[in-house]
4 protein chains.
Amino acid sequence: MNDRFGWKTEQERGTGMLEELKKQVFEANMELPRRGLITYTWGNVSGIDRESGYFVIKPSGVDYDTMTADDMVVMDLEGNKIEGKYNPSCDTPTHIELFKAFKEVGGIVHTHSPWAAAWAQAEREIPCYGTTQADYYYGAVPCCRVLTEAEIKEGYEKNQGLAIVETFQGKNPLHLPGVVCAHHGPFTWGKDASEAVHNAVVLEEVAKMSAWTEMINPKVGPAPQYMLDKHFLRKHGENAYYGQQNQ
Amino acid sequence: MNDRFGWKTEQERGTGMLEELKKQVFEANMELPRRGLITYTWGNVSGIDRESGYFVIKPSGVDYDTMTADDMVVMDLEGNKIEGKYNPSCDTPTHIELFKAFKEVGGIVHTHSPWAAAWAQAEREIPCYGTTQADYYYGAVPCCRVLTEAEIKEGYEKNQGLAIVETFQGKNPLHLPGVVCAHHGPFTWGKDASEAVHNAVVLEEVAKMSAWTEMINPKVGPAPQYMLDKHFLRKHGENAYYGQQNQ
Amino acid sequence: MNDRFGWKTEQERGTGMLEELKKQVFEANMELPRRGLITYTWGNVSGIDRESGYFVIKPSGVDYDTMTADDMVVMDLEGNKIEGKYNPSCDTPTHIELFKAFKEVGGIVHTHSPWAAAWAQAEREIPCYGTTQADYYYGAVPCCRVLTEAEIKEGYEKNQGLAIVETFQGKNPLHLPGVVCAHHGPFTWGKDASEAVHNAVVLEEVAKMSAWTEMINPKVGPAPQYMLDKHFLRKHGENAYYGQQNQ
Amino acid sequence: MNDRFGWKTEQERGTGMLEELKKQVFEANMELPRRGLITYTWGNVSGIDRESGYFVIKPSGVDYDTMTADDMVVMDLEGNKIEGKYNPSCDTPTHIELFKAFKEVGGIVHTHSPWAAAWAQAEREIPCYGTTQADYYYGAVPCCRVLTEAEIKEGYEKNQGLAIVETFQGKNPLHLPGVVCAHHGPFTWGKDASEAVHNAVVLEEVAKMSAWTEMINPKVGPAPQYMLDKHFLRKHGENAYYGQQNQ
């Protein structure tokens, strides 16, 4: 228990802080096994409250079958635990670096979903072979370089976050809401935890389809840029006309 | 709401137009997730009433979990919304061109089912390697060419339909009830919405089997033409003897 | 209805002939969708009563959701329908040739299960790469040659059966209880309908594993013969010690 | 029934020996079909009570649908059945050799899970391409050599165990808790039956991901050693910080 922020009164009323966000992050975490993205506990989702600067993240190694919204851990961006009975995910320092660098991002997901992880293990970006990817990712999904020995030995998870940020120099993280980290696995994000999971599902699907595309035609090139423009922009941005937003 | 066709009285009685067709199209749309053809809302089915010239299509981006038959949108072949509270699928102009050119077709399906989409992304037709395909597709499933930049910038979805029609010059669309569109995904059709979905399921299955066939034997050729003739014609046409039709 | 064999009295008592066998064959057919071996109605199972010389087979193109044991069709080995309200599977003449040639066989299965069909489409026998296959198939699963144009035009399904019998010249069909037919799909069999389905499940599993084996190591050779001997013979034959038979 | 160990009194009270262990081993066996690792009865799990030197193992060829904890067989390390109405798994002699050589191991699993079996059939170790594997396997998963004809003819299952032990000369079996046996399939183990099954699930997952990795990039090399060190050691050993153990 931690009282330095004076929220004990809330606890005495039977509630902790950021209850709504904890529910959202819990639900987003539970979506990972439902969507077949994880084996055992190999994934974590976080969501941030930009006003307070606190974020909520899954506890480390807790079984999905028994996990509840109350088990979510509240952290600040310096890595201090603000609330929660469990240790946060050991990937928490990666989430922190991404939240700090990507100001528009409200939710982050890490999984070892197998097709995305296979591209990561293959040290390759995922080319944009078609509209399925272009509807969500405006181009190839980048591959983050392998960390150096020094980076891994000292502050591995934090350096993983910094290397992802480095990979996105000059890129809009909401236009490319994911990355595969060499010899590791994918991270995705979005405006909130739910959208970040959505993008993780899409990433796994397009990772699979891209591998199959190369299997069917090893010489194929990416979809033409003007096709990507059309598809990405009909779903995103001010002239979007997919869905019910312009009704 | 739209009263220019005077159907308000029907609505006052609690019914809209084409109720039976809306139910069929709704059911056909719901078959897509049941058959594993779509992720999220990545698909749409339509069905046409040739007498009135109106067709019914899925609304754009509406969640399958909450969608009802009443949410289906009624359109005419000029692209006017005749009835419905939602925007129609943004692929509606493609459906229109196919309904206009393929007079025998009563239902159309678009999905991003992954194996068919992989062939599309690979810019390859699907060779007819066996009887599974020949039972429904009388030869290779064509690959529709990439649209030009001009075609995509001006009326993308309409031009997608026109390019498919171009692909089927000299072909019987009911003998080859589907296509893969380069760097995009499949469209299938049939005499009604239900048969169009059936053909979408078959297409995904044979797309998968053809890829595996080439993986097992990269040098294999298509099945002999006389084998295709036999299989297609024992299920279709006046001498068909599959099923219970000749009893 | 058919009364030339005098079974009308049985029907008047509310039962047809071979009730037990019809139940077994019905159950074996229902196992095909449960085990994921078929899409729609792409499969059929039969079982024979060697005493009467009649066999029971699935009707053609009937939906698995509504099919009952009473819908099974009773046939004789000359191809006459003895009992049943539906047409038998259009692959019936193939079953007949196999029952006639393979005297120890009591049940036959045909499916388009995708991995086995991919080997069939690739015109390749399935090498015996390991003990999983050797536990049921004593060596490579043979590939039946493509039929000639004449064979397909005149009596296609019967000639398919004869070509399979030709493939098994000098082979024991119970030691190799299945075949892949070039550009078509698999047939399997066993001492009864249930074992035939079991062997169809095994065939699909080993077809998948063999393809993956070649993908992982394109230069791999089959398992050594002495390994096949051991595995096949520890489950089959008089010195078998797998399971509870020697207790 | 066997009374030479004097446990009849327990039986008279309605209980056998090692009741708790039989439940654990039964539960671990039932996890195999739940996790999709087995077809039919193609797997077995055992667990040992190091104090008595007795271990519990699945009976041979018994259907998972009807199997109960009471059907588990109690054996000693000389291969004598101590309790149980069924024959033990015919792989029992392999389990015995592993329990004898790997003193820290408390549970053993054998399956024919298809991706792990494909590597086995391909006669290849599974390279460590990333952190998913490194979290559980500290390096490549070894491939046990093909047995000789003499080894297979005389005491096949025992010699399989000895060959695995030979493969692990100089290796810590708890740091590499599994093996693929050439042209056969995988064995995994752990501190108890439950952990052994966990490691079997992980092995199948990484076997799949490694095959896909090579498909996407045939020239890729393994993850750097310093990355493996970090991932394995953050979950295992005294400085582990994954999960809730250091709270």
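On the first, second and third principal axes, largest extent first, how far apart are the outermost C-alpha atoms of the protein assembly as shown in Å?
Answer, in whole Å and largest first: 88, 88, 53 Å.
Across peptide A:213-223, what mean number of C-beta atoms from other chains lies inside 10 Å of a residue's C-beta?
6
Please go through segment B:145-222 and write out the GluC sites (Glu not before Pro) that DSSP classes as loop and that have at most 14 other C-beta atoms within 10 Å.
Of the GluC sites (Glu not before Pro), the ones in loops of segment B:145-222 whose Cβ has at most 14 other Cβ atoms within 10 Å are B:Glu154.
Can you pull out the trypsin sites (Lys or Arg not before Pro) in segment B:8-103 that DSSP calls coil and that have at most 13 other Cβ atoms within 10 Å?
B:Arg13, B:Arg50, B:Lys85, B:Lys103
Once both axes come from the Cα atoms, what is the angle between helix D:193-216 and the longest principal axis of chain D, in degrees from 0 to 90, rounded to 10?
So the helix axis and the longest Cα principal axis differ by about 30 degrees.
What are the label-to-label distances in nm, one decimal and shortest first, from C:Asp49 to the same spot in the other copies, with labels 7 Å along Cα to Cβ?
Once sorted, the set of distances for C:Asp49 reads 5.3, 5.3, 7.5 nm.
For each of B:Glu238, A:Glu78, A:Glu19, count neighbouring Cβ atoms within 10 Å of the residue's Cβ, then give the residues from fewest to most.
On the way: B:Glu238 5, A:Glu78 8, A:Glu19 14.
Going from sparsest to densest Cβ surroundings: B:Glu238, A:Glu78, A:Glu19.
What nm distances, shortest first, do you get from the label point of D:Ala150 to those in the other copies when the point sits 7 angstrom along Cα to Cβ?
5.7, 5.7, 8.1
For segment D:92-150, what are the per-bin percents of Cα-Cα distances with bins 10 Å wide, up to the bin holding the maximum?
Reading the bins upward from 0: 18, 41, 37, 4.
If each residue's Cβ is checked for other Cβ atoms within 10 Å, how do A:Thr39, B:Thr188 rank with the fewest at the top? Before the final figure, lay out each step's value.
Details: A:Thr39 20, B:Thr188 31.
So the residues, fewest neighbours to most, are A:Thr39, B:Thr188.
Can you pull the mean other chain C-beta count within 10 Å for peptide D:128-139? Spell out each step's value before the answer.
Numbers: counts 2, 7, 12, 9, 11, 3, 2, 2, 0, 0, 0, 0.
Averaged over the peptide's residues, the number is 4.
Among the listed pairs A:Lys153/A:Lys208; A:Lys58/A:Lys100; C:Lys208/D:Lys58; B:Lys58/B:Lys81; C:Lys100/C:Lys158, which have their C-alpha atoms separated by more than 23 angstrom in this model?
A:Lys153/A:Lys208; C:Lys208/D:Lys58
Report, in degrees rounded to the nearest 10, the 0 to 90 angle that the Cα long axis of helix D:156-167 makes with the longest principal axis of chain D.
Computed tilt is about 40 degrees.
Taking the Cα-to-Cβ direction at D:Lys171 and at C:Asn80 and moving 7 Å from each Cα, how far apart do the two end points lie in nm?
6.6 nm
At 25 °C and 0.890 mPa s, grab the translational diffusion coefficient of segment D:3-236 from Stokes-Einstein with a Kirkwood Rh over Cα pairs, rounded to a whole number in µm² per second. If you can, show how the numbers build up before the last one.
Values: Rh = 18.1 Å.
Rounded, D is 135 µm²/s.
Near A:Lys235, which aspartates and glutamates are there with a Cα under 17 Å away, not counting those fewer than 8 places off in the same chain?
Those aspartates and glutamates meeting the cut-off are A:Asp135, A:Glu195, B:Asp63, B:Asp91, B:Glu154, B:Glu157.
Which trypsin sites (Lys or Arg not before Pro) in segment D:174-238 pass both tests, a DSSP loop state and at most 11 other beta-carbon atoms within 10 Å?
Values: sites: D:Lys191, D:Lys208, D:Lys219, D:Lys230, D:Arg234, D:Lys235; in loops: D:Lys191, D:Lys219.
Filter output for segment D:174-238: D:Lys219.
Can you give me the long-range amide H partners of D:Tyr54? Hydrogens built in the peptide plane at 1.01 Å from N, cutoff under 5 Å, separation of 5 or more residues or another chain.
HN-HN under 5 Å from D:Tyr54: D:Asp49.
Measuring from a point 7 Å out along Cα→Cβ, what nm distances, shortest first, does B:Lys235 have to its partners in the other copies?
When each copy's label point is compared with this one, the spacings are 3.2, 3.2, 4.5 nm.
With an 8 Å Cα cut-off and a minimum separation of 6 or more residues, compute the relative contact order for chain B in percent.
It comes to 20 percent, rounded to a whole number.
Return the average number of partner chain Cβ atoms within 10 angstrom of each residue Cβ along peptide C:110-121. Numbers along the way, then the final one.
Details: counts 0, 0, 7, 1, 7, 4, 1, 10, 14, 4, 7, 18.
For peptide C:110-121, the averaged partner shielding equals 6.
For the rotation taking B to D, I'd like to know which residue in chain B has the C-beta closest to the axis, plus that distance in Å.
Its Cβ sits closest to the axis: B:Met215, 5.
Once the Cα atoms of helix C:92-101 and of chain C are each reduced to a long axis, what angle between those two axes, in degrees from 0 to 90 to the nearest 10, is obtained?
On a 0 to 90 degree scale, this one is about 70.
Hull surface divided by four, with the convex hull built on the Cα atoms of segment B:176-247: how many nm²? Could you put the intermediate results ahead of the total?
Working: hull surface 25.8 nm².
With every direction weighted equally, the projected area is 6.5 nm².
Where does each of A:Cys128, B:Cys90 land when they are ranked from fewest to most other beta-carbon atoms within 10 angstrom?
B:Cys90, A:Cys128
Throughout, read-outs are computed from the coordinates displayed, never taken from laboratory work. Quick caveat: nothing in here was measured; it's all calculated off a predicted structure. Don't worry about glycine lacking a Cβ; one is built from the backbone with ideal geometry, like all the others, and counts go over all protein chains shown.
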